[in-house]
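S.K.: Dropping the structure in here first, questions after.
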Amino acid sequence: MTYHDDARQIRLYHGNSLELLDAIYTKYGDDGRFDTVFADPPYFLSNGGISCHAGRMVKVDKGDWDKSRGPELNHEFNLEWLKRCQRVLKPNGTIWVSGTHHVIFSIGFAMQQLGFKILNDIAWEKPNPPPNLSCRYFTHSTETVLWAAKSEKSKHVFNYQEMRKVTGKQMKTVWREEEFPIGEEEMPLIWTMPAPSNGEKAFGKHPTQKPVALVERCILASTQPGDMVLDPFLGGGTTAVACARLKRGCVGIEWDKDYARLAKARVEDEILSALPLGRTPK
């Protein structure tokens, strides 16, 4: 299954990310195709742990794709997909990767091995995280988002003024300003925003679905209208929805057939909802 909207430069593919990224590189070569990548790879945490869903204790089992094969093989996989993303980035392109402690340290190390330049490590703070059922750890209320440039030589885009608009009030939700004064020119590395709303799950839900607001902020920070964005693990289509909303092009790849259908439905709905009444997409 594929979905093409050539007018908006949005293309969704059901298939193997590694194979499709190889095909993209063969076509575009070292010049690259994408201005930025947003990737939410497998976290490798579906291995018999417990979590809370709808007030009940449940096993963590997101699917075979999320099961760990051991740290060495997990890291080898991260190296392989990151290497392919790096090849299809334009020389000044950047990549955003989200993850928990189960995977993010491997991601960061792989980036260093491949010659990326790590720019920031963002903490996404969830106001209402799943409860701490075991009472043996601190509550897992954050995820990390790494932002990196393709290489040390990259002259990456950072839309500073745009980020001042969207993060200016964010500081007050993290720090007590009277105790820790922060200069007006500074911007936080802690982003507080809730998990996806029910409206974002209207067509179905993905077990690791990200809020559209999180992906929008990453795209706004690092791209211009008309730029191309890649998501090699599209899941429920959040990146494609954000790109349609922000007038960026997007190529999304998803291995699971059902999630690929979900992504297609969400993107079609986003495009239709943005049109005047009576209009149809071209």
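Read-outs throughout are calculated quantities, based only on the coordinates presented, and are distinct from any laboratory measurement. Keep in mind it's a predicted model, so treat the numbers as computed, not measured. Here Cβ is always computed from backbone atoms with ideal geometry, including for glycine, and neighbour counts include all displayed protein chains.
S.K.: Peptides 213-223, 75-85: what's the order by average Cβ count within 10 Å, highest mean first? Don't jump to the answer; show the numbers that get you there.
M.R.: Details: 213-223: 22.0, 75-85: 18.7.
Averaged packing, sorted descending, gives the order 213-223, 75-85.
S.K.: Here's another thing I want to ask about it. Taking 24 Å as the cut-off for C-alpha to C-alpha distance, list the pairs among LYS90/LYS165; LYS83/LYS153; LYS27/LYS201 that go past it. Walk me through the numbers on the way to the answer.
M.R.: Numbers: LYS90/LYS165 27 Å; LYS83/LYS153 17 Å; LYS27/LYS201 35 Å.
Beyond 24 Å: LYS90/LYS165; LYS27/LYS201.
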